[in-house]
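Following: one structure in structure tokens, then a few remarks.
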Amino acid sequence: MASTLEKFIHSLDLRALPRVLQIQSGVYCQGSIYEMFGNECSLSTGDVIKVIGFKINKLIASMCENNEVSQFSAKVELPLNFPGLFKVVADKTPYVSTEDIARKVSIGPTRFGHPCFYSTEDIKLANFTIKHGEQITFSSVEEVNGTMAVNCVVVRNNLSHSFALPLSQEGEFYECEDDQIYTLKEIAEWKIPKCRNRIVKLSNPLHMWDSSVPLPENFEGCLILTPVYEVQAVMKFRKDIVHILSDLDVEVKDITDCYDIGSFLQPLSLENIFERTSKEFPMVAEIMEGPSGSQKPYNLLSTGKEIVIYKKYQTSRVLASEIRSDSSKRHFLIPMSYKGRFKRRPREFPTAYDLEIARSEKEQLHVVATKAFASPHKELFSVSVGDQFLVQQRQTSEVLYEGRKKLIDVLACEQILSDSYKKVLLPMYMEGGFVEVIHDKKQYHLSEICKEFQLPFNVKVSVRDLSIEEDVLAASPGLRFEEEITDSYLLISSASSPVESWEIPVYRLNMLVHLLSKGVQTVVPPETRTTVEEVSKEEYYTLRRYENLTLHPPPRPPKKPT
């Protein structure tokens, strides 16, 4: 049965891809040319396309009162990089089964993909009963004992109870209230169910409001978001990817079951390539859609170019940020093969507690106070601006408080005087300001810093990497090495002139290829060129978020006695 492209995409489950569609009718049915993002294609009646993916391209927002939209409500188009933060309003329409939820709601490995629902009735399992109204967190969908099921968690009396609900579980499930705040892009990726709109409310006023913001100034109402999808498709006899907006006025028919899907080229993402076994490498591929970006090697990966993919692996990178006072700081991933050298730069510490975290057995931490602190206890030291200290160790000390002795955490230091040292105690809760005094003039390679020092660590490039045409790190006023991370890469080279190879990140590079049946001339890759990868602010926070998922946050600094 024919339907509009918009209806088909809104009802389609991503897990059902790819799908073969035949163009039935519409404005664009008479062999007209449709062009988007530089990809020109003809959509004529009877044409066949293979849909390989889709994502939300933009959102149409209807301004509303009391979570309802009227025919007079103004509609505006919101880009995914819209600057506001939003709260999601819980959907009042119930889901009729766990399969209904799994088909329409995004469930995935991150915190965004863990939606919460409650049932209006008790659900009795073999050894556990879910009470009506109790919050159920859906964490993943997988096969359990031969049956597709949703892995769930219920927290009761501060204890987590894990169980699986089969997709056949029927009932009346409602979305729980969500007190988190999200960017519009996060909502588009995770919080808009299939076949449904999403109501959101601005959680913060737009401080930088100007005429380019499509919402009224001081707007405080709700928005009903309707997604417009960008459909990725393959056409016969073409080697590139076609991008089509879902609101294009055409009717389509799903003919997947009666069509040879193998007659189309098979586009593969870098994630698809990485999932292949190591025995399948090396391989030759042709780029169907290259990445954007002007830095090497991305500017060499143009559509139609043939590449050799030698192997897949995981390797270490150091995540670094520029030391700047403004908001324009850049972020980098630096490989261990970086041949430049670094000199240390002073670190800054806002509290005595930070001094305790930073001290090491390798060398004594020497700091200068940049902010005065008056101690409320005579047993503890009062700090003046310019005082210098050698940090010793954490310990406890008795202080007199309201006529009674009390034990508190302190930091033992030596104050540096003109011709001697004085032992002093600083309260751990002290909010002051300290800057490190560097005595070490040595130049370090990246691997030496990771081996000898604890990150985070401040440095400046003293000798640039001469093997890189333009070493972006050398121009930076200073760098803060945040942490060492492990990431997935593919090693590639040009198939026509394999004089050098490059490492390309699997999960940060949007690129599609199809494999060729050509043999690889040499299985030994040429010399690998060092690449410092600049990452966006969004990618930076994503890397830090995922890298720290399994780490416990450091304990909060002790509070000042009251």
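Taking θ as phi - 60°, what are the ³J(HN,Hα) couplings along the range 448-453 by the Karplus curve (6.51, -1.76, 1.60), each to the nearest whole Hz, with x for Gly and Pro?
Along the range 448-453, the couplings run 5, 4, 5, 7, 9, 10 Hz.
Can you put 470, 306 in order of accessible area, largest first, using a 1.4 Å probe?
Sorted by accessible area, descending: 470, 306.
Can you work out the Karplus-derived ³J(HN,Hα) for every residue in the range 344-356? Use 6.51 cos²θ - 1.76 cosθ + 1.60 with θ = phi - 60°, whole Hz, and x for glycine or proline.
For the range 344-356, the Karplus curve yields 6, 10, x, 9, 10, 10, x, 9, 5, 4, 5, 5, 4 Hz.
May I ask for the angle, rounded to the nearest 10°, between helix 537-547 and the longest principal axis of the chain, with both axes built from Cα atoms and the value confined to 0 to 90°?
That helix lies at roughly 80 degrees to the long axis.
If you count, for each residue, the other Cβ atoms within 10 Å and average over each peptide, how do 422-435, 398-411, 177-190 line up from highest to lowest?
422-435, 177-190, 398-411
Could you give the radius of gyration (one decimal) and Dmax (whole number) of the Cα atoms in the range 91-176, in Å?
11.9, 33
Ranked from the most accessible area to the least, with a 1.4 Å probe and all protein chains present, what is the order of 257, 13?
257, 13
Treat the range 226-366 as a sphere of radius equal to its Kirkwood radius over Cα pairs and apply Stokes-Einstein at 4 °C in a medium of 1.567 mPa s; give the translational diffusion coefficient in µm²/s, rounded to a whole number. Numbers along the way, then the final one.
On the way: Rh = 21.3 Å.
Answer from the Stokes-Einstein relation: 61 µm²/s.
Rule-of-thumb check for the range 348-436: C-alpha Rg over 2.2 N^0.38 Å?
Normalised Cα radius of gyration, the range 348-436: 1.04.
Send over the Kirkwood Rh of the range 98-232, from the inverse of the averaged 1/r over different Cα pairs, rounded to one decimal Å. Each step should come with its number before you reach the end.
Values: mean 1/r = 0.0587 Å⁻¹.
After inverting the mean inverse Cα-Cα distance, the result is 17.0 Å.
Show me 523-534, 225-236 ranked by packing, highest mean number of other Cβ atoms within 10 Å first.
Values: 523-534: 15.7, 225-236: 19.9.
Going from most to least packed, we get 225-236, 523-534.
Taking a temperature of 4 °C and a viscosity of 1.567 mPa s, what whole-number D in µm²/s does Stokes-Einstein yield for the chain with Rh from Kirkwood over alpha carbon pairs?
Rounded to a whole number, D works out at 45 µm²/s.
Quick one: which residues, 5 or more positions from residue 169 or on another chain, have an amide H under 5 Å from its amide H? H modelled 1.01 Å from N in the peptide plane, none for Pro or chain starts.
98, 99
Assuming R0 = 35 Å, can you tell me the calculated FRET efficiency for the pair residue 439 and residue 527, based on Cβ-Cβ distance, to the nearest 0.05? Can you show the working numbers first?
Working: r = 39 Å, r/R0 = 1.10.
So, using R0 = 35 Å, E works out to roughly 0.35.
With r as the distance between the Cβ atoms of residue 159 and residue 419 and R0 = 56 Å, compute the FRET efficiency 1/(1 + (r/R0)^6) and round to 0.05.
Here the calculated transfer efficiency is 0.40.
In whole percent, what relative contact order does the range 327-434 give with Cα contacts below 8 Å and a gap of six or more residues?
29 percent
Using the Karplus curve 6.51 cos²θ - 1.76 cosθ + 1.60 with θ = phi - 60°, what ³J(HN,Hα) values do you get for each residue of the range 310-320, in whole Hz, with x for Gly and Pro?
Per-residue couplings from phi come out as 7, 6, 10, 5, 10, 8, 8, 9, 9, 7, 10 Hz.
The values are calculated or read from the model by the stated rules, or taken from the named source; none is laboratory data. Only a predicted model underlies this, so the values are computations on that prediction, with no experimental measurement involved. Here Cβ is always computed from backbone atoms with ideal geometry, including for glycine, and neighbour counts include all displayed protein chains. Note: areas computed on protein heavy atoms with side chains; ligands, DNA, RNA excluded. Shrake-Rupley method; radii C 1.70, N 1.55, O 1.52, S 1.80 Å.
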